[in-house]
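The structure appears below as structure tokens.
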Amino acid sequence: MNASNRPGYALTAPLVGVVLLLVVAPLAVFLLYSVLTPQPFSVQWSPTFDSYRRVAGERVWWNLIAGSVQVGFITAVVSVVLGYVLAHHIAFHAGRSKFLLLGLTAISILGGYLVRVYAWRTILGTHGVVNTALLRLGLIDEPLRWLLFNRWAVIVALANIFVPFAAIVIYARLANLQPEHVQAARDLGANARGAFRLVTLPLSGRAVFLAFAFVFLLSAADYVTPQLLGGATGAMIGVAVQDQFQRVGNWPLGAALGFTIFAVSAVCIAGLWLVMRVAGLLPRGGRHA
Amino acid sequence: MRRPGGLLAWGLIAFLYLPVITLVVFAFQESPRLGLPFDGPSLRWFEAIWNDAGFRRALWASVRIATASCSVALVVATLAALGLRRYRLRYGSALSVAAVVPIALPGLLVGLALLTYFSSVGMRPSLTTVVIAHTIYVTPYVLMVVTSGLEQLDPSIEEAARDLGASPWQAFWRSTFPLLWPAILGAAVLAFALSFDEFLITLFVIGGDSTLPVFIWSRMRRTIDPSVNAVATGLLTIVITGAVTALSLALMARRRTGVSYADDADSTATAVPLAPAQPGEPVRVAAGVLGSENG
Amino acid sequence: MSKPHGILVRNYDRRAFLRQMGIMAAAVGSGATLLGACGNGSNGGNDPTTANGTAAPAIGGTINYHSWEGYDLLDATADWQQEHGIEIRSSYVGGHDDIHTRVLSPGGGDIDLITYYHGYADRYRELNVVSPIDPGEVPNLEHLMPVFRDGEWFRNDDGNYVGIPFTWGGICLNYRTDEVPQAPQRWTDLLEPEFEGRIAMVDDLNGNVVLAALILGYEPERMTTGQLQEVQDLLIQFKRQAVAISPSFGDMNNLLISGEAVAAFMGWSALNVWAAEQDVELECVIPEEGSLTFVDAYAIPPNAPNRENALAFINETLSLEVQVEQAEYLSAGVVREDAIDQLPDEVRGLYPYDDMDSFFEQAALYNVAPSESDEYVTYEDWTQMWQAVKAA
């Protein structure tokens, strides 16, 4: 160990301790539990792959996983698209209101989670904001019942939470772009849309991918939003995992399910990476801009 | 192309704030119904929850937890940020990635991993386990904020101070810290707000006590009335105040150092490059800083 | 396939009963507000029927309660709490499972007071979720009707109790009188198209399974795998009609109040009172296929930190005043004979107090599935089946 670097090791030692003891170790234990034998609200220290066998074999879990993947995917697409629109506007067209928009976006990331999800009940309910507005405007005769307590309500609520995050991630990248590249494309005859497609979008591809991956993973594993807004049809795997731990008491099965949804999400995200790479949205090589 | 884009952007902002506005408006509802028509404004629900012992307990628990986890995270993450930034460590990039894992993973997995971990070492769920959980949840944010704060500073200033004979601590305290403290304070405030709002992980590691979000969650399972909104409004006030404060500190530091300043939630880094330092400047600045100690 | 032991009401004229339930619902609704307005009349210390000398270890402090909302009888015992310096900290459950899972989970050692229904008695003994109570520790036990005091559910052979019965009643079908013009006659009426997406269910494994078994004509504690599958299919049918499976009765109530739901599968009469507070009128009826009766008891987990407080509370709930109040508030039965006459007519007319013994012989008191069995499905099978229903 280079002596001049020793202070660095000392300074980072606490963080290393925290990471090893409180991040790596718990995840290892969690993985370990998924291959142990269940005991009510505990485990027996005898290894078995039974839990994974059950996950693989019982259809009920795969229905839930499929639904969760669907929610994760749609939420991620919506969040990234809307986030990109917002970020693009702030980066290139906002003018004087730039910092206001940026500040509002940033604050809404931090503006609560549980209470925001809960608020959608009042917005989408039969006597809620949307229905009352539509009734008053005479656009409908009876309140719409399909706004709430289904998968779409879950997606809307999750997108509401993740759009600002995607916007900020993408903005950070767009703000770092050198305008000369876009200028060069325009000089060579591209119109605004072409310049975007050929230059801006590929250069921001990494940020788009990052935002997508993050939103997908967190949405697919959410367990609170489906309970509040999902109703009878919007069940997701996260709730089942929670149930296994807090109600049924089968921890190994819960852990196995938890790892399964993580693995499935990772596969989907890797798939997206491939697609983006093939589509030229993740340019190879160093960062030119 | 400017106008329709602007409309869309502001429309999106309105969409983002729709739940928050709805929540707060209905906290002032007069009748117990959580639906339109609105028959307020009334403060009865705020009064009701203020008189609720369970609410006060939850609020106090949240304050204590946030303070504790924020303090620990601040120390651990600031030290680590300095270490990672100033020195080349073999595990440097691995550490940076690993430290971010708690916020990259879903709260479900982090919470359950902690639950099984505590159970395996025989630790029962309590407010202490919540503090531990919040500490690892908040540390990545603090790390990111302080790191980006450090990135905006010219390291040669501190080096110059070292060359002039200052100890590492003196060099840090005298030359780096005066420029870094907005980042540190901003990180602290941000961490506090994040801890207050954290719910997904907390639900698994908490025992019979309640933090404020957990209190709200159990209230939601009863016959609901606007008192839930009143509590939520209180929570939002705390969290958003924290967020605004953190951002303001970011802006303030921006003006002070004269360079664009970034924190995790607001990457305002533009393409403006740092003005090249005059050769003698770092020495001059450092000398001035050290000189003030002697004179 | 044997017929269920009996429906909630046997030797009663069904129409009269339904009418009485209807009257009761409205009356209790207004009664609850009256009760609130007049304030709590009970005066714990001076009440001659409250046992004097609760072997007085000093009480005071907290009681950590974990069970159904409403069973903590906060209003009925408000004066008593204040007098003895007791604060009841309540956490509420959505399903019966939540009660014992909380006690069994790590960190569950802080619970002082739970309730459970008779069907779980054997299971709770097995799981060690309840601790024995000497009858001397709850003096008011002597005032209970023999059927409750000497009943086998909560009493051990050595004379100790693992649960103190304090209330009883029946699951019924709540519906909004303004949205549902005619009371549903059968549970399966809820499967009709007009109820699509309009019924509420609650996440209580036991109640749903037993009810579905009753509808199909099976005996809940003795079902084969095939019968359980039919139960699952039937429950999934009801779920398709449901807005949501609510995590608690309170949330189910929210759905009924806001109008997202107009009727409840596996409801509870206490909801009528809660909804009346927000000016929504509910009735609760017992359809033709019958329903399940429950006898609920207080219990204290082993190693409860505030055992003495909990015991004193339990004793207080068996006092005359509190018995009458809880019956009105929950539309439930009383366990003390001298409380019967004190009940308002509508509440007294709910249950056949004139012949309790034969009623309970024939009543639909079911146990949950056994923990282990070679011929019948076990409780574990029930649990898995319910998870499958929720995921469907």
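The values are calculated or read from the model by the stated rules, or taken from the named source; none is laboratory data. What you see is a predicted model, and the numbers here were worked out from it, not measured in a lab. Neighbour counts are summed over all protein chains in view; Cβ atoms, including those assigned to glycine, are modelled from backbone coordinates with ideal geometry.
What to note about this one:
- Subset tally (residues that are among the polar types (S, T, N, Q) and closer than 23 Å to residue A:161 by Cβ) for region A:99-142: 4
- Top-ranked residue in region C:307-333 [being among the polar types (S, T, N, Q) and in a loop (DSSP other than H, G, I, E, B); ranked as surrounded by the most Cβ atoms within 10 Å (Cβ to Cβ)]: C:331
- Condition check for residue C:220 on (1) under 17 Å from residue C:377 (Cβ atoms); (2) in contact with a His (Cβ under 8 Å, 6 or more places away or on another chain): one failure, at (2).
- Reported count of residues in region C:334-375, each being in contact with a helix residue (DSSP H, G or I) (Cβ under 9 Å, 6 or more places away or on another chain), in contact (Cβ under 8 Å) with a residue 12 or more places away in the chain and in a loop (DSSP other than H, G, I, E, B), is 17.
- Number of the exception - residue B:12 against (1) surrounded by 15 or more Cβ atoms within 10 Å (Cβ to Cβ); (2) more than 8 Å from chain A (Cβ to nearest Cβ); (3) assigned to a helix (DSSP H, G or I): (2)
- Residue in region A:135-148 that is touching a Ser or Thr at 6+ places or on another chain (Cβ under 6 Å), buried (at least 16 other Cβ atoms within 10 Å of the Cβ) and of a type outside the set (D, E, K, R) present: yes
- Evaluating residue B:83 against the criteria (1) more than 9 Å from chain A (Cβ to nearest Cβ); (2) within 30 Å of residue B:182 (Cα to Cα) leaves one unmet condition, (1).
- Residue that is farthest from the other protein chains (Cβ to nearest Cβ) [pool: residues in region C:238-287 that are more than 22 Å from residue A:240 (Cβ to Cβ) and of a type in the set (Val, Ile, Thr)]: C:286
One line per residue, one yes/no per condition, for (1) out of contact with any Phe, Trp or Tyr (no Cβ under 7 Å at 6 or more places or on another chain); (2) more than 8 Å from every other protein chain (Cβ to nearest Cβ); (3) aliphatic (A, V, I, L, M); (4) over 28 Å from residue A:169 (Cα atoms):
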site: A:215; (1), (2), (3), (4): no, yes, yes, no
site: A:233; (1), (2), (3), (4): yes, yes, no, yes
site: A:243; (1), (2), (3), (4): yes, no, no, yes
site: A:248; (1), (2), (3), (4): yes, no, yes, yes
site: A:254; (1), (2), (3), (4): no, no, no, yes
site: A:257; (1), (2), (3), (4): no, yes, yes, yes
site: A:262; (1), (2), (3), (4): yes, no, no, no
site: A:266; (1), (2), (3), (4): yes, yes, yes, no
site: A:271; (1), (2), (3), (4): yes, yes, no, no
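- So residue B:212, is it under 30 Å from residue B:35 (Cβ atoms) and either surrounded by fewer than 19 Cβ atoms within 10 Å (Cβ to Cβ) or not acidic (Asp, Glu) (or both): yes
- Boolean, residue A:59 is touching a residue at least 12 places away in the same chain (Cβ under 8 Å), under 22 Å from residue A:237 (Cβ atoms) and surrounded by fewer than 20 Cβ atoms within 10 Å (Cβ to Cβ): no
- Residues (touching a Lys or Arg at 6+ places or on another chain (Cβ under 9 Å) and away from chain A (no Cβ under 14 Å)) located in region C:73-102: C:89, C:92
- Of all the numbered requirements in (1) buried (at least 21 other Cβ atoms within 10 Å of the Cβ); (2) more than 14 Å from chain C (Cβ to nearest Cβ); (3) among the small types (Gly, Ala, Ser); (4) in a loop (DSSP other than H, G, I, E, B), residue B:171 misses one, and that requirement is (4).
- Residue check for residue B:45: surrounded by fewer than 24 Cβ atoms within 10 Å (Cβ to Cβ), more than 10 Å from chain A (Cβ to nearest Cβ) and either at pLDDT below 90 or part of a helix (DSSP H, G or I) (or both): yes
- Filter result for the condition that a residue is within 26 Å of residue B:185 (Cα to Cα) and either surrounded by 24 or more Cβ atoms within 10 Å (Cβ to Cβ) or hydroxyl-bearing (Ser, Thr, Tyr) (or both), over B:101, B:130: B:130
- Every pair of residues 6+ apart whose Cβ atoms lie under 8 Å, when the first sits in region A:38-50 and is within 14 Å of chain C (Cβ to nearest Cβ) while the second is assigned to a strand (DSSP E or B) and modelled with pLDDT of 90 or more: A:43/A:36; A:43/A:37; A:50/A:37
- Qualifying residue in region A:162-174 (condition: within 9 Å of another protein chain (Cβ to nearest Cβ), in a helix (DSSP H, G or I) and under 30 Å from residue C:246 (Cβ atoms)): yes
- Selection over region B:207-230 of residues that are more than 8 Å from every other protein chain (Cβ to nearest Cβ) and closer than 30 Å to residue A:258 by Cβ gives a count of 7.
- Exactly one residue out of C:269, C:291 is touching a strand residue (DSSP E or B) at 6+ places or on another chain (Cβ under 8 Å) and either among the β-branched types (Val, Ile, Thr) or not assigned by TED's automatic domain parsing to the domain that holds residue C:199 (or both), and it is C:291.
- Taking every residue in region A:117-131 that is polar (S, T, N, Q) and pairing it with any residue that is assigned to a helix (DSSP H, G or I), at least 6 positions away or on another chain, the pairs with Cβ-Cβ distances below 8 Å are A:122/A:129; A:122/B:22; A:122/B:23; A:122/B:26; A:126/C:258; A:131/A:124.
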